[in-house]
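**Student:** One structure is given below, represented as structure tokens, and several questions about it will come after.
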Amino acid sequence: LTFHDELREDVRPDGGDRWFGVVEQLLTDPAGPWWDDVETEQRESRDDVLRQALMDARDEMTRRQALDADEWSWGHLHQLDLHSSTLGESGFAPV
């Protein structure tokens, strides 16, 4: 919501450490120009963007999980299946 209206797709945030630092600095300036969606007539602020991001996240979780948060399952969306060829995946167990 902060960058996609102004940055080309190939330079948009990817969630890396650099972007955490960028956003950390932007959070200190509630009326900074990056918060504004250039595709709308009104001028958005930091609080407008954060509010919308939280509502979007809530809506996505509701779609993916359930209306009732007590029914959500963390493992349903976040799974990590580790494989290591050095630990026996090739058919040979470690010695």
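**Student:** If I compute solvent accessible area with a 1.4 Å probe over the protein chains, what percent of it on the chain is carbon and sulfur?
**Tutor:** Details: 4280 of 8020 Å².
Here it works out to 53 percent.
**Student:** May I ask for the equivalent-ellipsoid semi-axes of the stretch 35-76, computed as the square root of five times each C-alpha gyration tensor eigenvalue and listed largest first in whole Å?
**Tutor:** Listed largest to smallest, the semi-axes of the stretch 35-76 are 30, 9, 8 Å.
**Student:** Now a separate question. I'd like the Karplus ³J(HN,Hα) series for the stretch 42-51: coefficients 6.51, -1.76, 1.60, θ = phi - 60°, whole numbers in Hz, and an x wherever there's a Gly or Pro.
**Tutor:** Values per residue, Gly and Pro as x: 7, 9, 7, 10, 3, 5, 4, 5, 5, 4 Hz.
**Student:** Also, I was wondering about something else. Report the full-extension gain for the segment M55 to E24: residue separation times 0.36 nm, less the Cα-Cα distance, to one decimal in nm.
**Tutor:** 9.1 nm
**Student:** Apply the Debye scattering formula to the chain, with a single equal point scatterer on each alpha-carbon and no solvent, then give log10 I(q)/I(0) at q = 0.11, 0.15, 0.18, 0.25 Å⁻¹.
**Tutor:** -0.56, -0.82, -0.97, -1.24
**Student:** Per DSSP H run of at least 4 residues, take -39500 (n - 2.57); add these up for the chain, divide by its residues and hand me the 222 nm value, nearest 500 deg cm²/dmol.
**Tutor:** -10500 deg cm²/dmol
**Student:** I'd like the Karplus ³J(HN,Hα) series for the stretch 64-75: coefficients 6.51, -1.76, 1.60, θ = phi - 60°, whole numbers in Hz, and an x wherever there's a Gly or Pro.
**Tutor:** 7, 10, 6, 5, 8, 4, 5, 9, 6, 10, 4, x
**Student:** At most 12 other C-beta atoms within 10 Å and a DSSP loop state: those are the exposed trypsin sites (Lys or Arg not before Pro) I care about. Give me the longest piece of the chain that has none.
**Tutor:** That gives 44-95 as the longest site-free run.
**Student:** So how do F20, F3 rank on accessible area, 1.4 Å probe, biggest first, that is with the largest at the start?
**Tutor:** F20, F3
**Student:** Using protein chains only and a probe of 1.4 angstrom, how many square angstrom of V38 are accessible, to the nearest 10?
**Tutor:** 80 Å²
**Student:** In addition: Where does each of S73, S45 land when they are ordered by accessible area, with a 1.4 Å probe and the largest first?
**Tutor:** Numbers: S73 55, S45 35 Å².
Listed by decreasing accessible area, they come as S73, S45.
**Student:** Here's a follow-up. Given L80, L67, A53, which one lies farthest toward the positive end of the charge dipole of the stretch 21-82, if we put +1 on the Cβ of every Lys and Arg and -1 on the Cβ of every Asp and Glu?
**Tutor:** L80
**Student:** Taking a probe of 1.4 Å, how large is the accessible area per residue of the chain, in Å²?
**Tutor:** Using a 1.4 Å probe on heavy atoms only, each residue of the chain averages 84 Å².
The values are calculated or read from the model by the stated rules, or taken from the named source; none is laboratory data. These numbers were taken from a predicted model, which means no experiment stands behind them. Heads up, the Cβs are rebuilt from the backbone with ideal geometry, glycines too, and the neighbour counts pull from every protein chain shown. Each accessible area value is taken on the protein alone, full model and side chains, heavy atoms only, with ligands, DNA and RNA left out. Shrake-Rupley method; radii C 1.70, N 1.55, O 1.52, S 1.80 Å.
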